[in-house]
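To start, the structure under review is shown below, and the notes come after it.
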Amino acid sequence: MSHVRFSGPFRQSHLTDYETCPRLFYYAHVRQLEPESIHASRIIGQAAHATIKDIHTHQLTAESDIRRVFSQHFS
């Protein structure tokens, strides 16, 4: 029998998932199954992280540019 293993990269959220429920970690990160539903906090978190990445990548400093990028990730 072959074993399916986690191939990384390993993030803090993976530890939280495993701590919450080892099966959650297995299904989400090892088997990479899509969840049946997505919690609002996950959508907000993904958009916030994407916004921060864009701010740093594009070296945005103007509030209008930051708001524009923020809005793009939430639409």
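Of the residues 52, 38, 43, the single one that is surrounded by 13 or more Cβ atoms within 10 Å (Cβ to Cβ) and of a type in the set (Val, Ile, Thr) is 52. Among the residues in the stretch 55-75, are any at pLDDT below 85 and either part of a loop (DSSP other than H, G, I, E, B) or among the hydrophobic types (A, V, I, L, M, F, W, C) (or both)? Taking every residue of the stretch 55-75 in turn, at least one turns out to be at pLDDT below 85 and either part of a loop (DSSP other than H, G, I, E, B) or among the hydrophobic types (A, V, I, L, M, F, W, C) (or both).
Restricting to the stretch 11-21, name every residue that is part of a loop (DSSP other than H, G, I, E, B) and either among the basic types (Lys, Arg) or surrounded by fewer than 11 Cβ atoms within 10 Å (Cβ to Cβ) (or both). Explain how you work it out, then say what you get.
Going residue by residue through the stretch 11-21, those that are part of a loop (DSSP other than H, G, I, E, B) are 11, 21.
Across the stretch 11-21, the qualifying residue is only 11.
Residues in the stretch 22-35 that are part of a helix (DSSP H, G or I) and open to solvent by 90 Å² or more (accessible area, probe 1.4 Å): 23, 27.
The values are calculated or read from the model by the stated rules, or taken from the named source; none is laboratory data. Everything numeric here is computed off the predicted structure, so don't read it as measured data. Positions of Cβ are generated from backbone atoms using ideal geometry, with glycine treated the same way; all protein chains shown enter the neighbour counts. Remember, those area values only see protein heavy atoms, side chains included, never the ligands or the DNA or RNA. Shrake-Rupley method; radii C 1.70, N 1.55, O 1.52, S 1.80 Å.
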